[in-house]
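Note sheet for the following structure.
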Amino acid sequence: MEEAPTEKMKVYNEYFEVPFLKATREYYKSEALFFIRSHSMLEYIRKVIIATCMLRIDEYSLYCYSGGDTTRRGEGSLRAIPPCHHHESPR
């Protein structure tokens, strides 16, 4: 007996997508903090601009291949980390 598509999506969401998006946020948060500590603010802003362009290209590709469903759930994942967060001192 094969699982219903909605059951497959529950497994996908629970065991892959949710942990993946959480790990992705943590990774980029850590990377940004490291970068801002070891580079000038100007270099950081340049990197953010380039990364934003690349993210939009990736989001478009994801939308084209997934029909937008995954894009809607994940679109705030990386943008949820404001640049000022990276400038705070570590706790």
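Some values worked out for this structure:
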| item | result |
| --- | --- |
| Cβ-Cβ under 9 Å pairs, at least 6 apart or on other chains, the range 41-52 side under 14 Å from TYR28 (Cβ atoms), far side loosely packed, with under 14 Cβ neighbours inside 10 Å | TYR44/PRO83; TYR44/HIS87; LYS47/HIS39; VAL48/PRO83; THR52/ARG79 |
| Matching residues, the range 1-30, being among the hydroxyl-bearing types (Ser, Thr, Tyr) and touching a residue at least 40 places away in the same chain (Cβ under 8 Å) | THR24, TYR28 |
| 2 or more residues within 17 Å of the chain's Cα centre (by Cα) and at pLDDT 90 or above: qualifying helices (runs of 4 or more DSSP H) within the range 1-81 | 18-38, 41-66 |
| Subset of the range 3-28 that is among the basic types (Lys, Arg) and within 19 Å of GLU59 (Cβ to Cβ) - its residue that is surrounded by the fewest Cβ atoms within 10 Å (Cβ to Cβ) | LYS22 |
| Check on GLU88, modelled with pLDDT under 60, exposed (fewer than 11 other Cβ atoms within 10 Å of the Cβ) and not small (Gly, Ala, Ser) | yes |
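The values are calculated or read from the model by the stated rules, or taken from the named source; none is laboratory data. All values derive from a computational prediction rather than experimental measurement. Methodologically, a virtual Cβ is constructed for each residue, glycine included, from the backbone with ideal geometry; neighbour enumeration extends over all protein chains shown.
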